[in-house]
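Visitor: One structure, pasted below without further comment.
The values are calculated or read from the model by the stated rules, or taken from the named source; none is laboratory data. These numbers were taken from a predicted model, which means no experiment stands behind them. Glycine gets a Cβ as well: all are built from the backbone with ideal geometry, and neighbour counts include every protein chain shown. Please note that ligands, DNA and RNA were not included when accessible areas were found on the heavy atoms of the full protein model with its side chains. Shrake-Rupley method; radii C 1.70, N 1.55, O 1.52, S 1.80 Å.
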Amino acid sequence: MKYVKTIGLEIHMRIKSETKMFCSCKNAVALAPEANINVCPICMWFPGMLPALNAEVVRLGLIGGMMMNCEVNKYSRFDRKTYFYPDSPNSYQITQLYDPIVWLGSVKTLVNGETREFRIHHMHLENDAWKLIHTWGKTLCDFNRAWSPLMEIVTDPVFHDKEEVMEFLRELQKIMRAAGVSDADMEKGQMRCDVNLSIAPEWAKEWWMRTETKNVNSFSAIWRVIDHEYKRQLKIIESGGEIDQETRGWDDEKWTSTSQRSKEDAMDYRYFPEPDLLPINLTDEFISEARACLVELPIDRRLRYLNEYKLWDDDARILTADKALSDYFEGLVSLTKDPKRSCSYITTILLAIIKESEEINSVSELKFDMKQLARVIELVNWDELSSTNSKQVIEELFNNGGDADLIVDENNLRQKNDTWALEAIVDEVIANFPNQVEDYKGWNENIFGFFVWQSMKASKWQGNPKIFNELLKKKLG
Ligand SMILES: [Zn+2]
């Protein structure tokens, strides 16, 4: 019998606000250099402390929700989720169970070249716990992360294979980065994923019992979890067993998961409205200010590059991976009116130089004006600069800035296209090498390159090789 798997995801993303969710401590988006430096009595849950909601967190959350095409709930509120775990000294988390800030959205992406849309059930705001560090046989506590704001994005159970999940997560990462809502770096713990999976025979209308595998922290681990959980459930079903609804923990060193908790529901957490915080009533003004911060979706840019600019799929993917890069590319195209060449200069030359540089990590840090790169492309298009030499000019611009035309002239790189002058050189070369001319005409056509090389040399490498080729062909017959 053939079984189909159905997957739903819960993604936690750290919101990139300046300060934490309920106090004015710095929100260390990346790892702080030292433990317990971004802390205060509020985020350490000292007795009597009261949280105060950070409006920036609400604004960024709202932008994130709108970027996923969600409906905005003008009224939302926080609920207290009670549970004991050593990473939460107050024994509760402040979250939004009943009235999340946004819901009913969708994320569009390309899966194997096809446009697909995946439904978002809702997104709510909640606080992160502190961090436990297990070392020297002891457990240490770091509060830097305590009350850092998170978005929890919950999808409908809409995925049926790994590729769909991966493309969706990559798209989500791009969306939140483009909108400046989250850096969504999995390695830095800014994005974590819970994987809900169930299997059912192809003919079944409803899927069977699902399991939830918690806190999967890398794309490759998500891939492994889906594989592992599908096969584990299949084995149980095929040997006549039943799947327990349970929470499982993934061990990425052992590539296996273990049962952590059996069936749980909202009752177990004794949710109730958070008494220390007022509900959120969004004004029309606040919503329209957030709406004004929306940016073009990375997928729309990608489709535009494919359909209008006719770029290759890989190039379109690279150029839309990061908003600064797509902005740079589009700026360059507006100057050169040549999307293909602009793309190849960015992807094959500029990004390679940036990758090797220790100082510059992104196109937004470049020392030279974009107009200079556009000028280099123009010189190549006009045959005034060979594409081989153009790389040298870009390297010089990259290292020391300056003016493309000046660099070309100072280094004698300008190609000579004056056919009269080049013809005189060709005549001289032919006159200087009568034996080779005889060989060429008699039996050795392979010697043609020799004449081109001699002509280039005689022109001090400034003649246009295309013109030399044409002239030599004409004269040698
Ligand atoms: Zn604090």
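Visitor: Kindly indicate whether any position in segment 406-424 is of a type in the set (Lys, Arg) and either open to solvent by less than 40 Å² (accessible area, probe 1.4 Å) or not in a helix (DSSP H, G or I) (or both).
Guide: yes
Visitor: Here's something else I'd like to know. Can you find even one residue in segment 216-230 that is within 16 Å of the ligand (Cβ to nearest atom) and outside any helix (DSSP H, G or I)?
Guide: no
Visitor: Would you tally the residues in segment 1-17 being in contact with a strand residue (DSSP E or B) (Cβ under 7 Å, 6 or more places away or on another chain) and farther than 30 Å from residue 234 by Cβ?
Guide: Going through segment 1-17 one residue at a time, the tally reaches 4.
Visitor: Here's a check for you: in segment 41-86, which residue that is among the acidic types (Asp, Glu) and open to solvent by 30 Å² or more (accessible area, probe 1.4 Å) is farthest from the ligand (Cβ to nearest atom)?
Guide: So, considering only residues that are among the acidic types (Asp, Glu) and open to solvent by 30 Å² or more (accessible area, probe 1.4 Å), the one farthest from the ligand (Cβ to nearest atom) is 71.
Visitor: Moving on. Given the conditions (1) in contact with a Lys or Arg (Cβ under 8 Å, 6 or more places away or on another chain); (2) within 16 Å of the ligand (Cβ to nearest atom), which single one is not true for residue 8?
Guide: It is condition (2) that residue 8 fails.
Visitor: Still on this structure, I have one more. Name the residues in segment 14-35 that are crowded, with 19+ Cβ neighbours inside 10 Å and either among the aromatic types (Phe, Trp, Tyr) or away from the ligand (no atom under 11 Å from the Cβ) (or both), would you?
Guide: 14, 15, 16, 17, 22
Visitor: Tell me the strands (runs of 3 or more DSSP E) entirely within segment 42-158 that contain at least 2 residues that are farther than 25 Å from residue 275 by Cβ.
Guide: Ranges flagged: 102-111, 114-127, 131-135, 138-142, 149-155.
Visitor: Also, quick follow-up: Taking into account only those residues within segment 105-119 that are out of contact with any Ser or Thr (no Cβ under 9 Å at 6 or more places or on another chain) and open to solvent by 70 Å² or more (accessible area, probe 1.4 Å), which is farthest from residue 167 (Cα to Cα)?
Guide: 114
Visitor: Could we say that residue 178 is over 25 Å from residue 128 (Cβ atoms) and open to solvent by 10 Å² or more (accessible area, probe 1.4 Å) here?
Guide: no
Visitor: Kindly indicate the residue of segment 142-175 that is on the phi < 0 side of the Ramachandran plot and within 16 Å of the ligand (Cβ to nearest atom) and also surrounded by the most Cβ atoms within 10 Å (Cβ to Cβ) among those meeting that condition.
Guide: 146
Visitor: In this structure, does residue 128 turn out to be touching a residue at least 40 places away in the same chain (Cβ under 8 Å), assigned by TED's automatic domain parsing to the domain that holds residue 23 and open to solvent by less than 10 Å² (accessible area, probe 1.4 Å)?
Guide: yes
Visitor: Still on this structure, I have one more. Is it fair to say residue 115 is hydroxyl-bearing (Ser, Thr, Tyr), in contact with a His (Cβ under 7 Å, 6 or more places away or on another chain), away from the ligand (no atom under 16 Å from the Cβ) and in contact (Cβ under 8 Å) with a residue 24 or more places away in the chain?
Guide: no
Visitor: Under the condition of being touching a Lys or Arg at 6+ places or on another chain (Cβ under 7 Å) and of a type in the set (D, E, K, R), which residue from segment 117-163 is farthest from residue 222 (Cα to Cα)?
Guide: 142
Visitor: Residue 38 versus (1) within 22 Å of residue 272 (Cβ to Cβ); (2) touching a residue at least 40 places away in the same chain (Cβ under 8 Å); (3) touching a strand residue (DSSP E or B) at 6+ places or on another chain (Cβ under 6 Å): which is the lone unmet condition?
Guide: It fails just one condition, (1).
Visitor: Next up: Mind checking which pairs have a first residue in segment 8-24 that is part of a strand (DSSP E or B) and a second that is within 16 Å of the ligand (Cβ to nearest atom) and open to solvent by 10 Å² or more (accessible area, probe 1.4 Å), Cβ under 6 Å, 6 or more apart or different chains?
Guide: 19/54
Visitor: Evaluate the following for residue 38: is it surrounded by 21 or more Cβ atoms within 10 Å (Cβ to Cβ) and near the ligand (Cβ under 10 Å from one of its atoms)?
Guide: So residue 38 fits the description; yes.
Visitor: Which residues, counting only those in segment 254-305, are in a loop (DSSP other than H, G, I, E, B), among the charged types (D, E, K, R) and surrounded by 11 or more Cβ atoms within 10 Å (Cβ to Cβ)?
Guide: Answer for segment 254-305, where residues must be in a loop (DSSP other than H, G, I, E, B), among the charged types (D, E, K, R) and surrounded by 11 or more Cβ atoms within 10 Å (Cβ to Cβ): 264, 270, 274, 276, 296.
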